[in-house]
Amino acid sequence: MSQKKFALALHGGAGTILPSSMTPEKEKAYREALEEALESGWKILESGGSALDAVEASVMSLEDCPLFNAGRGAVFTHEGKNEMDAAIMEGRGLDAGAVAMCTGIKNPVKLARLVMEKTDHVLLAGPGADRFAAEMGMERMPDSYFYDEYRWQQWQSVKESDRMMLDHQSDDRKFGTVGAVALDREGNLAAATSTGGMTNKKYGRIGDSPIIGAGTYANNLTCAISCTGSGEYFIRTNTAFHVHALMQYAGLSLQEACEKVVHEILPSIGGDGGLIGVDAAGNVCLPFNTEGMYRAFRDSDGKVEIAIYSGAHG
Ligand code: ASP
């Protein structure tokens, strides 16, 4: 039995998470949700399961929690709908699957995995993604499943404007896109990301999360990455692939590559957000250039962390 290191990290979105608007009860709820998601992926890794299964399980747990902007808690579009994006990728064969603008799906990350495993395609969007979900026998959830009074009000405050808002940009509740990255005992890496996108996003807007190389990327040679933040900047800088490329072609460590991308490249065009990364040796990096990022990680050396604000492992 190999004793190789394994690790799992996840995020629940980066943004202007102000300590002043956080109550002890809210903080407890977020921490518990992060802990539960960490546990769902961890038990898979610990029992010798794959990184792919672990990231899918962790992301599904976060999608089922209304605190985060993914699955059940997805934000509202300009038309008052919930349109979700998700992606999953494994680092051994560079297989990937993604969905964009899907509706009524309880767990978009599961649908992304089905795109990867059951089709010759990487990304299915809109009505096509929904049709594929039906063909796969996935249950459709009613609109009421995705209704959240707070998010509805969040949308009401910007719907007359052209403004598109990160879920965690408003003042009181802060949460966002979710993602997970993992290294398993076999040395395989995987990444997954799932989101409702940005509040008040317009017709047809697709963010970085389902774009392989922008919001999600995994390659056994280097790392697995899942991003969160204003997606347009992440698409323009190929954020997730950029970390991989700096490691592979410039010889940077995970930490150096993440810092360059999050603290130099993204800010150089005004990009706000963060990412989570794990490398092929099991090192974890969770940098962000915002006030905070909901995040957690655990590794087989016994390190565990659940954090929201800056200061730890940033
Ligand atoms: N990156 C996501 C998007 O632009 C938003 C987020 O991270 O909350 O769709």
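The values are calculated or read from the model by the stated rules, or taken from the named source; none is laboratory data. Since this is a predicted model, take the numbers as computed values, not measurements. Note that we place each Cβ from the backbone using ideal geometry, even for glycine, and neighbour counts take in every protein chain shown.
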(message) Against the condition at pLDDT 95 or above, surrounded by fewer than 16 Cβ atoms within 10 Å (Cβ to Cβ) and over 20 Å from residue 54 (Cβ atoms), how does residue 267 come out, does it pass?
(response) yes
(message) Taking the condition of being within 21 Å of residue 46 (Cβ to Cβ) and either surrounded by fewer than 15 Cβ atoms within 10 Å (Cβ to Cβ) or touching a helix residue (DSSP H, G or I) at 6+ places or on another chain (Cβ under 8 Å) (or both), how many residues in the range 285-299 meet it?
(response) 4
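Matching residues to (1) free of Cβ contacts under 8 Å to residues at least 24 places away in the same chain; (2) crowded, with 24+ Cβ neighbours inside 10 Å; (3) in contact with a Leu (Cβ under 7 Å, 6 or more places away or on another chain):
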site	(1), (2), (3)
47	yes, no, no
59	no, yes, no
63	no, yes, no
68	no, yes, yes
71	no, yes, no
75	no, yes, no
79	no, no, no
82	no, yes, no
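Yes/no matrix, rows are residues, columns are (1) at pLDDT below 95; (2) out of contact with any Pro (no Cβ under 6 Å at 6 or more places or on another chain); (3) part of a loop (DSSP other than H, G, I, E, B); (4) near the ligand (Cβ under 9 Å from one of its atoms):
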site: 209; (1), (2), (3), (4): no, yes, yes, yes
site: 217; (1), (2), (3), (4): no, yes, no, no
site: 220; (1), (2), (3), (4): no, yes, yes, no
site: 227; (1), (2), (3), (4): no, yes, no, yes
site: 235; (1), (2), (3), (4): no, yes, no, yes
site: 242; (1), (2), (3), (4): no, yes, no, no
site: 245; (1), (2), (3), (4): no, yes, no, no
site: 248; (1), (2), (3), (4): no, yes, no, no
(request) Exactly one condition in (1) out of contact with any Cys (no Cβ under 8 Å at 6 or more places or on another chain); (2) in a helix (DSSP H, G or I); (3) within 30 Å of residue 186 (Cβ to Cβ) is not met by residue 265; state its number. (result) (3)
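Which ones in the range 1-54 are assigned to a loop (DSSP other than H, G, I, E, B) and closer than 23 Å to residue 273 by Cβ? Show your work before the answer.
Within the range 1-54, the first condition is being assigned to a loop (DSSP other than H, G, I, E, B), and the residues that meet it are 1-6, 16-18, 22-23, 47-50.
Of everything in the range 1-54, those that are assigned to a loop (DSSP other than H, G, I, E, B) and closer than 23 Å to residue 273 by Cβ turn out to be 16, 17, 18, 22.
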